[in-house]
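I have placed the structure first, in the form of structure tokens, so that the comments after it can refer back to it.
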Amino acid sequence: MAGISTAHFLKASGHEVEILEARDRLGGRIWTDREASYPIDLGAAWIHGNNQNPLIDLAEKFSVNTKVTDFEDSFVLDNSKSISKLKLYSAYKKFESYLNEGEQILEEANRNLSLRELLDIIYKKKDLSALEKKLFRLFERGLESENAAELDKASAIGYFSESETISGPDFLVYDGYDKILKGLLGNIKIHFKEVVKKIQYDKNAVNIYTENNSFQSELAVVTVPVFREAERINQL
Ligand SMILES: Cc1cc2nc3c(=O)[nH]c(=O)nc-3n(C[C@H](O)[C@H](O)[C@H](O)COP(=O)(O)OP(=O)(O)OC[C@H]3O[C@@H](n4cnc5c(N)ncnc54)[C@H](O)[C@@H]3O)c2cc1C
């Protein structure tokens, strides 16, 4: 989404743009499955909040239907049995408060930790029930999807520097999130299966090296997810 929207707005302001994408499909953590007669979003599915949320404007611009739903009103099955909402909610609140204790631990460590390391330190001091252990693993998966990394690769400093949330209800992107992506992409050229390995700047151009090709441009905008991934690219 970050790459395609950047390309869209650069093109709208008169620049020539092309996108290099590592995968063989559009969207990254947005992935709409259209095998059935209705869209199923396997990645992002909701727009959270409508208070000056540009995604709401984009959905309107590309005539993408959305529907207000209560994002919190979900259920979890444990061996086909639904876990009560109260248990789910209180386990989540506990997980959140444990995680927040991590900020102090991080300060005392005086170095960055991965979220995995941090959680393991916190869990050692706690006595979790069997159900809480299972639910905590589920909540950890949520952290991974937010961070675009497994927890042993996601930076704890990155987690605590996250900031603003947009207020307002949750809108399910009823027509499928890929409709917004396709609207943004328009006729912008996208090169699939081009994993960027190296970016080199010289006085006149930016040289971008992928596994199999090289590209030259006046400027390059990198929109890969941050945290550890950004550290790795900087080292290249
Ligand atoms: C299961 C799941 C559910 C989610 N639900 C929601 C939701 O309901 N609402 C919500 O707001 N958010 C949700 N999110 C989060 C949301 O999907 C992401 O915040 C958003 O898609 C991030 O967009 P991005 O462009 O920053 O990163 P990404 O979508 O991760 O895109 C990064 C792109 O960079 C490409 N790339 C990486 N490295 C290279 C390289 N070296 N060379 C070339 N290309 C590269 C990747 O292939 C990818 O296409 C969810 C995420 C997941 C996984």
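Odds and ends about this structure:
- Loop GluC sites (Glu not before Pro), the range 26-108, which have at most 10 other Cβ atoms in a 10 Å radius of their Cβ (DSSP): E35, E72
- Amide hydrogen neighbours beyond the local backbone of D78, cut-off 5 Å, H modeled: I83
- Using only side-chain charges placed at the Cβ, +1 for Lys and Arg and -1 for Asp and Glu, the dipole size of the chain relative to its Cα centre rounds to 440 debye.
- Dividing the summed helix terms, -39500 (n - 2.57) for each DSSP H run of n ≥ 4, by the number of residues in the chain produces a 222 nm estimate of -12500 deg cm²/dmol to the nearest 500.
- Label-to-label distance, E103 versus Y174, with points set 7 angstrom from Cα along the beta-carbon direction: 3.9 nm.
- Between amide H atoms placed 1.01 Å from N, distances below 5 Å from D33 occur with I40, D41, L42, all of them 5 or more places distant or on a separate chain.
- Straightening the chain between V195 and N207 buys 2.9 nm, computed as 0.36 nm per residue apart minus the Cα-Cα spacing.
- Tilt relative to the chain, helix 2-12 - C-alpha long axis, 0 to 90 degrees, to 10: 30 degrees
- Residues in the range 175-195 reached by a label modelled at F71 [backbone nitrogen below 17 Å; 7 Å Cα→Cβ]: 175-178
- Charge tally in the Cβ shell below 9 Å around I188, where Lys, Arg are +1 and Asp, Glu are -1, I188 excluded: +1
- For the residues K11, K81, K179, a GNM of the chain with alpha-carbon springs under 10 Å puts the largest fluctuation on K81.
- Phi-derived couplings, Karplus 6.51 cos²θ - 1.76 cosθ + 1.60 at θ = phi - 60°, listed residue by residue for the range 98-111: 4, 4, 5, 5, x, 4, 5, 4, 5, 4, 5, 5, 6, 7 Hz, with x used for Gly and Pro.
- The chain: C-alpha gyration tensor shape, a/c 1.5 cut-off, then a/b vs b/c: oblate
A short reminder: the numbers here are calculations on the coordinates, not readings from a lab. No experiment lies behind these values; they were computed from the predicted model shown. Note: ideal-geometry Cβ built from the backbone for every residue, glycine included; neighbour counts use all protein chains shown.
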